[in-house]
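One structure below.
Each reported figure results from applying straightforward, stated rules to the coordinates on display, with no laboratory input. Quick caveat, the model's predicted, so the values are computed rather than measured. Neighbour counts run over all protein chains shown; Cβ positions are idealised from the backbone, glycine included.
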Amino acid sequence: MKPRRWLFVSVPLWGHLDYGGYLDLAVALARRGERVLWASGSLVQEAVVRRGLPFVPLPSVGWRWLPPLPSDVPPMERARRRRERALEAWLQPEAHARALRALSSLIEAWRPDWIVAEPFAGVAAWAAERYELPLIVVGFPAGRWPAPATPEAQVEVEAARARLAEIAARLGLAGRYWRADPFPQITSPYAHVVFFPADWFVDLDRLDPQNRFFGGRRKASTVPPLPRSRPRVLITLGSTFTGDPAFFIGAARAVQALGGEPLLVLGRSPFAPGLREAVARALPELPLWDWVDYAAVFPQLDLVIHHGGMGTTHAALVYGVPQLVVPHAGEQHLQARRVEAAGVGLSMRPAEATPLRWRQLIAALLQELTFRDRAQMWAQRMEAAGGVEEAAAQLIESREP
């Protein structure tokens, strides 16, 4: 069979290469002889090229960069301002128009057969409609998501819907690959590839039939294991929006008070100025890591404390590690809910993170064996559901949209 051309589009944030297997899926398709091209902002170019994929930098993908919030903003105020800023970051009409012009030039030159997008790469949905190309969404399932729970959230959603309609009118498109209810989201009628089992998404009112669920499998690592003598706890806010020193300091001190070994991974984010310095002043005795190989570290963990990003949540399930989720924004709150519903961990809001609460939750997760037992059970389910290689094989077999 003749290889097809797969154009992958992502927001230029490192975490948006993951979703449990997004970049890995592109690599698996290329390894099977398919023609793959990745398009995004230059910030993620090195990460993509390092995996052996050709990359085209785009001047815009519709995502607007906003200055980071000051580090001294209180947690509840930070969460509110992040929600307000999300609309300007993701659904700004001029940014989408500029991004579509750039992506259109690439599509006309390269002539892809499929466009593959992560859930926040809105320009991919507009381009797929304009050029009548089939779209695959990787990361979130298609379905009926719960309606906003508060009047404040409803106001925010209505503003987002109005902004989506404004963008569609400006581009002269109908929004074929968008769903506005209960809030704007990219939706494909062809396939949504998800690297979790279907019943992980307990918060959805309905799952649509085009979803394909693949779970995930452990990766081999060539990185030698770190020596350990105490319970080891990974503490991370992912790779990009990591500017919350209080999170790292509070979690690490609680782990130390309980006799554990904190492993602090701060990321290499330009959106967290002064983070390393602030954490180092508070915890001068601890090494600080920019990045760790999850495949090497997760088999050695007793607990992971994180923000609820899909990549870290996915890794914890794959390796059967209990989780403490402290969601900071967006869909991270949904991941926290799913972690608790599955019995693989606990969660709390940043505003609840007192020293006592840190110690209570961490102690429960380290001492109550039911959390690890359930995490190991979910690891088996993730393995049984397949993973990236199976997803790539099925997509190649689907010769027609």
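Look at Arg176, Arg144 and count the other Cβ atoms within 10 Å of each Cβ; fewest to most, that gives Arg144, Arg176.
With 10 angstrom as the radius, rank Lys219, Lys2 by how many other C-beta atoms surround their C-beta, starting from the fewest. Don't jump to the answer; show the numbers that get you there.
On the way: Lys219 16, Lys2 7.
Placing the least packed residue first, the sequence is Lys2, Lys219.
Evaluate E = 1/(1 + (r/R0)^6) for Val49 and Arg268, where r is the Cβ-Cβ distance and R0 equals 25 Å; express this FRET efficiency to the nearest 0.05. Before the final figure, lay out the partial values.
Values: r = 17 Å, r/R0 = 0.66.
In this case the efficiency is close to 0.90.
Using Cα pairs under 8 angstrom and six or more residues apart, how large is the relative contact order of the chain, in percent? Write down the numbers at each step before the final one.
Working: 772 pairs, mean separation 63.3, N = 401.
Across the chain, relative contact order equals 16 percent.
With Cα atoms defining each centre, the range 1-41 and the range 161-198 are spaced 20 Å apart in the structure.
By the scheme Lys and Arg +1, Asp and Glu -1, what is the net charge of all other residues having a beta-carbon under 10 Å from that of Lys219? Provide the component values of the computation, followed by the final result.
Working: positive: Arg217, Arg218; negative: Asp24, Asp293.
For residues surrounding Lys219, the net value is 0.
Here the chain carries DSSP beta bridges of which approximately 10% are antiparallel, counting only pairs with both residues inside.
Over the range 132-195, what is the relative contact order in percent, taking alpha-carbon pairs closer than 8 angstrom and at least six residues apart? Each step should come with its number before you reach the end.
Values: 66 pairs, mean separation 35.5, N = 64.
The normalised contact order for the range 132-195 reaches 55 percent.
Spin-label model, Leu288 to Ser398: label points 7 Å out along the Cα-to-beta-carbon direction sit 4.4 nm apart.
Output the peptides 346-354, 20-28 sorted from most to least packed, where packing is the average of other Cβ atoms within 10 Å over each peptide's residues. Write out the running numbers ahead of the final one.
Values: 346-354: 16.0, 20-28: 23.9.
Ranking, from highest mean packing down: 20-28, 346-354.
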